[in-house]
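Visitor: Dropping a structure here in structure tokens format, bear with me for questions.
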Amino acid sequence: MLLLSYLLLSGVTTGALYALVALGIVVVNKATGVINFAHGELFMFSGFVAWSLHVGAGLAYPIALPLAVAAGFALGVATDRIAFRPLMKADVISLVLATVGIAFVLRGVARVIWGGKADYLAFPPITSPEPVMLGEIMVIPQQLAVLGGAIVVMLIFAAFFRLTRAGKMMQATADNAKAATLVGIRTERIYTLSFGTGAAIAAAAAVLMAPLTLLYPDMGFAFFIKGFAAAVLGGLTSLPGAVLGGLTIGVIEALAGGYIHSSFIEVSAFVVIMIVLIVRPTGLLGVSRVRRV
Amino acid sequence: MVLQQAWKAGTAGILMAASFAATGWAQVPGVTADTIKIGTFGALTGPGYLYGKLPMNGIEVVFDEINAAGGIHGRKLQLVREDDRCDPASAIGAVKKLIHQEQVFAMIGGGCSNATFAARETIDEAKVPLIVMASVHDGITTPTPPTIFSTATTSGIESAAQLQYAIDQGAKRIAIVSMRDSWGRARYNPLVEAFKTKNIKPVADEELSPDANDATAQVLRLKMTNADAVIMLLYPKPAAVFMRDAQKLGFKPLAIGQTGIADPAAFEEQVGSPGATAKFRTISMVRYTPQDPAVDKWRKAIETKFPGDRLSVFNLFGIGSAQVMVEVLRRAGPELTREKLVAALNGLKDFQTDVYPGPITCSETDHRCHKTPAWLAKDPGGPVRVLGATKVE
């Protein structure tokens with residue numbers, strides 16, 4: 001029972017981070033129909049920005065976090081202006097290649113700026129590193145802070161989509177871009193907002209994750225793959241699906257590693273995804289688009 | 001008349017001798033009457049710069065010292081750097097550029113193992129002597145290449161040393177946690193062989209991904225086996241995650257690293273959890289920490305030539321390999337050829353440098369010339385200490 005508790009807690013914490021990455025991917029994909037392959041690098045870059053603000057400039061973590069999220073938003077907007085807007089009428093392959101190009105540029109810039117400081121950059125813990133007991137389970141407060149932070153970020157973005165005018169316009173554009181245009185929504189602005197919002201969510205994930213791990217310029221792709229897998233598992237166009245997908249992958253990885261063998265951690269989630277997609281091709285919460293005739 | 005003929009014959013002889021000498025130098029790439037061009041490759045940018053740029057800086061200060069003293073047989077040493085960005089394809093390109101475009105005489109280089117391993121075929125074909133400064137992949141020197149020699153400890157030697165160290169410390173239940181990418185495999189396979197040779201079975205054998213952000217499952221599985229020593233074949237990032245989670249879950253074995261985690265002070269900072277690295281030991285290719293007064297001379301040289309830099313163990317890697325190169329260039333004599341340099345390397349025996357824990361010995365059948373890794377530890381809040389060395393047979 002104790003083993004299960006430890007594994008579930010670690011799985012949910014890791015899964016919450018995957019969920020945040022997946023949310024960003026889904027937000028962009030829902031609005032534009034494009035998978036932003038630079039999403040992992042936006043995540044990585046925002047993590048480094050947070051490091052520069054918190055460690056480099058000495059700003060307090062609660063100040064560094066929103067600033068890094070704002071920087072992530074700006075990077076997302078720049079991605080839209082550079083890689084999406086000029087190619088909006090091109091085929092999907094061109095758009096995808098443009099985002100891949102952005103990914104390489106961001107990685108290269110990060111190497112130039114932060115690559116020469118150390119092999120990995122450590123982000124100081126935001127809570128006491130001393131473990132505390134929750135019943136019989138020993139946890140690091142950092143882990144709880146990350147989990148709590150991830151839940152808060154998810155709630156903020158859920159409120160943004162449901163309660164704000166901009167969020168509602170994004171949903172309308174995602175549902176039907178032509179109809180949204182007809183009712184006066186400037187869809188190009190919505191696309192920009194989607195790229196910015198997606199990157200801001202990635203930035204929030206990066207800032208929360210940074211104290212749990214180490215920063216290095218090549219870290220983005222691994223998180224992108226896990227986030228993408230979570231998004232696919234959830235349905236690729238479903239925001240609750242992205243959260244469910246991320247948590248499912250995190251928990252499956254932890255349980256497979258604990259109860260079968262650690263070599264199953266990397267493959268177990270993908271095996272489950274394959275099974276789910278065979279049984280339900282739209283993912284756990286995705287819906288197939290049906291046109292009535 | 002006779003005098004005139006003798007003068008003409010003498011002049012012709014001198015001219016011919018000079019011409020032969022000139023032709024001789026011209027035929028040896030990278031060697032002129034007053035310079036020897038040595039190439040170096042490794043990462044100058046990216047996370048691997050520690051194994052590239054910093055050893056290169058070490059080479060540079062050794063060359064400066066030799067040049068200030070008049071060079072080797074009257075020739076000054078000139079270093080040409082190429083960036084391989086730790087990337088196999090870039091390493092092949094860098095080596096080709098050094099050999100064919102820069103026309104270097106020999107090379108000291110190789111930071112990241114996979115990149116250097118990829119470049120081996122190109123170097124073997126060109127038969128250009130290379131002294132490996134930091135790469136540890138066994139495949140670089142096994143099977144024995146014609147012109148590549150390593151002054152870095154190789155992965156197989158390090159794996160054998162890790163197991164030997166655990167046994168020497170009285171560990172009875174030894175476990176493994178490893179990455180299984182090509183870097184990890186290069187260490188894991190020789191480690192498994194070393195276990196077999198000593199007729200020991202690891203009590204657990206767990207995997208950890210290079211990008212892992214959580215090691216709860218691995219720690220719990222190792223803890224259930226009551227392992228008293230864990231051999232870690234991990235990069236610093238997953239190793240830091242492992243040590244952090246081990247402390248969280250109350251698992252405190254002797255943790256044995258390797259040169260992938262070469263700086264215990266940086267590692268303690270990366271783990272970021274007080275006391276988590278108290279029982280961490282790791283391998284160093286060199287016998288001194290950068291703070292040791294024994295390397296004051298090199299600290300001053302590095303900090304003077306590269307303002308803003310502090311001496312690091314990675315600088316020392318370059319210093320050691322450059323001292324070996326200088327020695328064999330001397331032994332190869334003034335009529336320098338690549339064949340003579342390779343012969344000098346093959347004959348190098350018990351050569352002491354300023355930095356390596358043991359002597360450097362190469363032979364025609366074994367180009368793994370460094371077989372004495374040192375052990376480092378860092379007490380929480382204290383300095384990094386050198387605990388001793390393990391001679392691997």
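Visitor: Give me the distance in nm between label points sitting 7 Å out from Cα along the Cα-to-Cβ direction at B:Lys349 and B:Lys252, one decimal.
Guide: According to this spin-label approximation, the distance is 4.9 nm.
Visitor: Going from the alpha-carbon gyration tensor of chain B, what semi-axes, largest first and in whole Å, does one get by taking the root of 5 times each eigenvalue? Could the numbers behind the result be given before it?
Guide: Values: eigenvalues 406, 81, 63 Å².
The three semi-axes for chain B are 45, 20, 18 Å.
Visitor: Can I ask one more? Using only the alpha carbon atoms of chain A, find the Kirkwood hydrodynamic radius as the inverse mean reciprocal pair distance, in angstroms to one decimal. Can you show the working numbers first?
Guide: On the way: mean 1/r = 0.0512 Å⁻¹.
After inverting the mean inverse Cα-Cα distance, the result is 19.5 Å.
Visitor: Going highest first, how would you order A:63-75, B:294-306, A:235-247 by mean Cβ packing within 10 Å?
Guide: Numbers: A:63-75: 20.6, B:294-306: 16.2, A:235-247: 24.7.
Order by mean packing, descending: A:235-247, A:63-75, B:294-306.
Visitor: Further question on the same structure: Find which of B:Ala227, B:Thr216, B:Pro293 sits farthest along the positive direction of the dipole of the stretch B:208-328, computed with +1 on the beta-carbon of Lys and Arg, -1 on that of Asp and Glu, about the Cα centre.
Guide: B:Ala227
Visitor: How far is it, in nm, from the label point at A:Met88 to the one at A:Gln171 when both lie 7 Å from their Cα along the line to the Cβ?
Guide: My value for the distance between the label points is 2.3 nm.
Visitor: Take the Cα coordinates of the stretch A:32-139, assign each an equal point scatterer, and use the Debye formula without solvent to give log10 I(q)/I(0) at q = 0.14 Å⁻¹.
Guide: -0.68
Visitor: What is the dipole size for the stretch A:24-219, taken about its Cα centre, with +1 at each Lys and Arg Cβ and -1 at each Asp and Glu Cβ, in debye to the nearest 20?
Guide: 800
Visitor: Rounded to whole Å and sorted largest first, list the principal axis extents of the Cα atoms in the stretch B:341-393.
Guide: 48, 22, 12
Visitor: Additional query: Suppose every K and R has +1 on its Cβ and every D and E has -1 on its Cβ; what is the size of the dipole of chain B about the Cα centre, in Debye to the nearest 20?
Guide: On the way: 43 positive and 40 negative charges, 95 e Å.
Dipole about the Cα centre, nearest 20: 460 debye.
Visitor: Follow-up question, since we're still on this one. Using helices alone, what [θ] at 222 nm do you get for chain B, with -39,500 (n - 2.57) per DSSP H run of 4 or more residues, divided over all residues and rounded to the nearest 500?
Guide: -14000 deg cm²/dmol
Visitor: Relative contact order for chain A: what is it in percent, counting Cα pairs under 8 Å that are at least 6 residues apart?
Guide: Taking the mean separation of contacting Cα pairs over the length of chain A, I get 36 percent.
Visitor: Would you mind checking B:Lys37/B:Lys378; A:Lys226/B:Lys53; A:Lys226/B:Lys248; B:Lys96/B:Lys300 for any pair whose Cα atoms are more than 30 angstrom apart?
Guide: Details: B:Lys37/B:Lys378 40 Å; A:Lys226/B:Lys53 33 Å; A:Lys226/B:Lys248 25 Å; B:Lys96/B:Lys300 34 Å.
From B:Lys37/B:Lys378; A:Lys226/B:Lys53; A:Lys226/B:Lys248; B:Lys96/B:Lys300, over 30 Å: B:Lys37/B:Lys378; A:Lys226/B:Lys53; B:Lys96/B:Lys300.
Visitor: What percent does the relative contact order of chain B come to when contacts are Cα pairs within less than 8 Å and at least six residues apart? Can you show the working numbers first?
Guide: Details: 806 pairs, mean separation 63.2, N = 393.
Normalised by residue count, the contact order of chain B is 16 percent.
Visitor: Sticking with this one: Just report the Cα centroid separation between the stretch B:221-282 and the stretch A:187-210, whole Å.
Guide: 35
Visitor: What's the average, rounded to a whole number, of partner chain beta-carbon atoms within 10 Å of each residue's beta-carbon in A:2-14?
Guide: That average works out to 3.
Visitor: Still on this model: Which listed residue (B:Ala161, B:Phe317, B:Val355) has the Cα farthest towards the positive end of the charge dipole for chain B, taking +1 on Lys and Arg C-beta and -1 on Asp and Glu C-beta about the Cα centre?
Guide: The residue sitting farthest along the positive end of the dipole is B:Ala161.
Visitor: Can I ask one more? According to a simple spin-label model (label point 7 Å from Cα along Cα-to-Cβ), what is the distance in nm between B:Ser363 and A:Phe160?
Guide: Output for this residue pair reads 6.7 nm.
Visitor: Report, for the protein assembly as shown, the % of DSSP beta bridges that are antiparallel, rounded to 5.
Guide: Counting only bridges with both partners in the protein assembly as shown, antiparallel ones make up about 35 percent.
Visitor: Continuing with the same structure: By counting other Cβ atoms within 10 Å of each Cβ, how are B:Lys223, A:Lys30, A:Lys226 ranked from fewest to most?
Guide: Going from least to most buried by this count: B:Lys223, A:Lys30, A:Lys226.
Visitor: Please work out the ratio of the alpha-carbon Rg of the stretch B:210-308 to 2.2 N^0.38 Å and round it to two decimals.
Guide: 1.27
Visitor: Counting partner chain Cβ atoms within 10 Å of every residue's Cβ in A:218-229, what's the average?
Guide: 2
Visitor: DSSP H helices in chain B with Cα extent of 24 Å or more along the helix axis and mean Kyte-Doolittle hydropathy at least -1.0? Walk me through the intermediate numbers first.
Guide: Values: long enough: B:2-27 (37 Å, 0.61); B:49-68 (27 Å, 0.26); B:313-332 (29 Å, 0.95).
Helices meeting the span and hydropathy rule in chain B are B:2-27, B:49-68, B:313-332.
Visitor: Which of the helices in chain A meet the span-like rule: DSSP H, Cα axial reach of 24 Å or more, Kyte-Doolittle mean at least -1.0?
Guide: Passing helices, by number: A:2-32, A:61-79, A:92-114, A:141-163, A:187-209, A:239-259.
Visitor: Which Cα, out of A:Met138, A:Ser5, A:Val34, lies furthest along the positive dipole direction of chain A (beta carbon charges, K/R +1, D/E -1)?
Guide: Value computed over the given set: A:Val34.
Visitor: Give me the dipole magnitude in Debye, nearest 20, for the stretch B:319-393 about the Cα centre, with unit charges on the beta carbon: positive for Lys and Arg, negative for Asp and Glu.
Guide: Values: 10 positive and 9 negative charges, 25 e Å.
So the magnitude is around 120 debye.
Visitor: Could you work out how far the C-alpha centroid of the stretch A:30-81 sits from that of the stretch B:157-210, in angstrom?
Guide: 40
Visitor: Over chain B, with a Gaussian network built from C-alpha contacts below 10 Å, which listed residue (B:Gly93, B:Gly382, B:Gly30) shows the highest mean-square fluctuation?
Guide: The residue that fluctuates most here is B:Gly382.
Visitor: Percentage of Cα-Cα pair distances in the stretch A:204-244 greater than 17 Å, rounded to whole percent?
Guide: When all Cα pairs of the stretch A:204-244 are counted, 40 percent exceed 17 Å.
Visitor: Quick check on chain A: helices-only [θ] at 222 nm, where DSSP H runs of length 4 and up contribute -39,500 (n - 2.57) each and the sum goes over total residues. Nearest 500, please.
Guide: -23000 deg cm²/dmol
Visitor: Given the stretch B:27-121, what whole percent of its Cα pairs are spread farther than 22 Å?
Guide: 28
Visitor: Right, another one. Please give every one of the lysines within straight-line cross-link reach of B:Lys172, meaning a C-alpha to C-alpha distance under 19 Å, and leave out same-chain neighbours fewer than 8 residues apart.
Guide: By straight Cα distance, B:Lys172 reaches B:Lys196, B:Lys198, B:Lys201, B:Lys223, B:Lys252, B:Lys279.
Visitor: Return, in residue-number order, each cysteine of chain B whose C-beta is not under 4.7 Å from any other cysteine's C-beta.
Guide: When partners are defined as cysteine Cβ atoms under 4.7 Å apart, chain B leaves no cysteine without one.
Visitor: Order of A:Glu136, B:Glu335 from fewest to most other C-beta atoms within 10 Å?
Guide: Final ranking by Cβ density, sparse to dense: A:Glu136, B:Glu335.
Visitor: Based on the mean of other Cβ atoms within 10 Å per residue, sort peptides A:203-211, A:184-192 so the most packed one is first.
Guide: Ranked from most to least packed, the peptides come out as A:203-211, A:184-192.
Visitor: Still on this structure, please answer the following. Could you state the per residue volume, in Å³, of the convex hull enclosing the Cα atoms of the protein assembly as shown? Please report the intermediate quantities before stating the final value.
Guide: On the way: hull volume 130.5 nm³, N = 686.
Cα convex hull per residue, to the nearest whole number: 190 Å³.
Visitor: Suppose R0 equals 45 Å. What FRET efficiency, 1/(1 + (r/R0)^6) with r the Cβ-Cβ distance, do B:Val192 and A:Leu4 give to the nearest 0.05?
Guide: Efficiency for this residue pair is about 0.90.
Visitor: Oh, and also: How many lysine pairs does the stretch A:24-219 hold where the Cα atoms are under 16 Å apart and the two sit 8 or more places apart or on different chains? Walk me through the numbers on the way to the answer.
Guide: Details: A:Lys30/A:Lys168; A:Lys30/A:Lys178; A:Lys89/A:Lys178; A:Lys168/A:Lys178.
Within the stretch A:24-219, the lysine pair count is 4.
Visitor: With springs only between Cα atoms under 10 Å apart, run a GNM on chain A and tell me which of A:Val152, A:Val232, A:Val100 wobbles the most.
Guide: Ranking A:Val152, A:Val232, A:Val100 by mean-square fluctuation puts A:Val152 first.
Laboratory data are not the source of any read-out in this text; all were calculated from the coordinates shown. Predicted model, so just to flag it, every value in this text is computed and none were measured. We place every Cβ from the backbone using ideal geometry, glycine too, and count neighbours over all the protein chains shown.
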